[in-house]
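One structure is given here, and the rest of the page talks about it.
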Amino acid sequence: MTEAHINRIATAVPPYDVHQAFIQFGHALLGGNERNSMLFGRMAERAGIEHRYSYLNPAAHPDAASTSAYAFYRRGDFPTTAARMRLFESQAPVLAAAAVEKLNLGAERERLTHILITCCTGFSAPGLDLEIMSRCRLPKSMERTMIGFMGCYAAINALKLARHIVRSEPTARVLVLNLELCSLHLQETTNLDEILSFLIFGDGCAACLVTADPTGFAMDSFCALLVPDTPDLITWAIGDSGFNMVLSGQVPGAILDAVREKSGQILKGLPISAIDLWAVHPGGRSVLDAVERALDLKPSALGASRDILRRFGNMSSATVMFVLEAMLRAPKAGALGCAMSFGPGLIAETMLFHASSDTGTGTSTRQL
């Protein structure tokens, strides 16, 4: 049976670092409630995040540009869903094109056969697939698949589909894009839990090439785990003023119990000690802590995931690909890895992989 490989990964983020500006804005939203403001500040310090990026400029005067963060999120007049989608339509293709160009496809782009796109933060038709094909001069004959509204675990599903395609069509060359503009869905609220959920999310895009060429990471197997009695812990619904998220504080505990109980199923019977690379979606510091405890991992095991969280926050579906991109730069041949992401359901999507004899070359993140 043909092996499918993640040959290359490239990543990109928007130009504006909004993390510190959001912390200030979060305090303002709390409206002078000293206790909640103190708790918010404490949680911000412990979040393990230093930077998050957006197309909304926190330094611009509200009247200076349409992408001013304070014009877009004007107190008492937050944007409608339609206004948020208009900004998504104008900016999302720019970010996607930046990631695709970093793959350095050259003449190879003419050989691409499929494009898969994951996104849960914006929708339009004709959509991202056709816009990206036009901007990046991709073949008009490419087969297109949009994977929408699956949240943070969508990238693993896209890789799973890409693997199916390559295993059934060994000459297929699949471009996978994971694109999210999470910063477009901030809600005006005085609820501390809701403001804390906005504290971790940022924008980003990952692009990868999946083929039968034996370079990079070979995808070995996948596992999907539905955690019973948890459908309300993570929800994501389209409202009149953007997309409304519920992110329960019970999520880390549910992940800890599920990963601990099902580790044998996730690892296909391999011992935990056999895994050299842990590419865990950094949904937040507490999520990483939960996985570390569940598997009794050394603190260094999730170093790549914690570094991506620190540098970029949680970019929903793109985030685990940022972790894999960092690992793809210099793994030793034969190294075994496990990737996992979590999202609405509550569902854990996991992938076992190994480094090929020719691991290829990783790329650095591009900031627009």
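The values are calculated or read from the model by the stated rules, or taken from the named source; none is laboratory data. Note that the coordinates shown come from a computational prediction; the quantities given were computed from them, not determined experimentally. Heads up, the Cβs are rebuilt from the backbone with ideal geometry, glycines too, and the neighbour counts pull from every protein chain shown. Accessible surface areas use protein heavy atoms only, side chains included; no ligands, DNA or RNA. Shrake-Rupley method; radii C 1.70, N 1.55, O 1.52, S 1.80 Å.
Data overview
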item	result
Qualifying positions in segment 201-215 - surrounded by 19 or more Cβ atoms within 10 Å (Cβ to Cβ) and in a loop (DSSP other than H, G, I, E, B)	Gly202
Out of Leu226, Leu256, sole residue that is outside the structural domain of Ile117 (by TED's automatic domain parsing) and open to solvent by 20 Å² or more (accessible area, probe 1.4 Å)	Leu226
Residue list for segment 98-154, filter: open to solvent by less than 60 Å² (accessible area, probe 1.4 Å), free of Cβ contacts under 8 Å to residues at least 40 places away in the same chain and among the small types (Gly, Ala, Ser)	Gly106, Ser124, Gly127, Gly148
Selection from segment 259-283 of residues that are within 25 Å of Leu247 (Cβ to Cβ), loosely packed, with under 15 Cβ neighbours inside 10 Å and of a type in the set (Lys, Arg)	Arg260
Residues being in a helix (DSSP H, G or I) and out of contact with any strand residue (DSSP E or B) (no Cβ under 7 Å at 6 or more places or on another chain) - total across segment 323-355	1
Segment 1-29, residues that are open to solvent by less than 10 Å² (accessible area, probe 1.4 Å) and within 13 Å of Thr189 (Cα to Cα)	Gly26, Leu29
Members of segment 284-326 that are open to solvent by 20 Å² or more (accessible area, probe 1.4 Å) and under 23 Å from Pro14 (Cα atoms)	Arg285, Ala304, Arg306, Asp307, Arg310, Arg311, Ala326
Residue identified as more than 30 Å from Asp229 (Cα to Cα) and not assigned by TED's automatic domain parsing to the domain that holds Ala12 among Leu295, Leu346, Leu336	Leu336
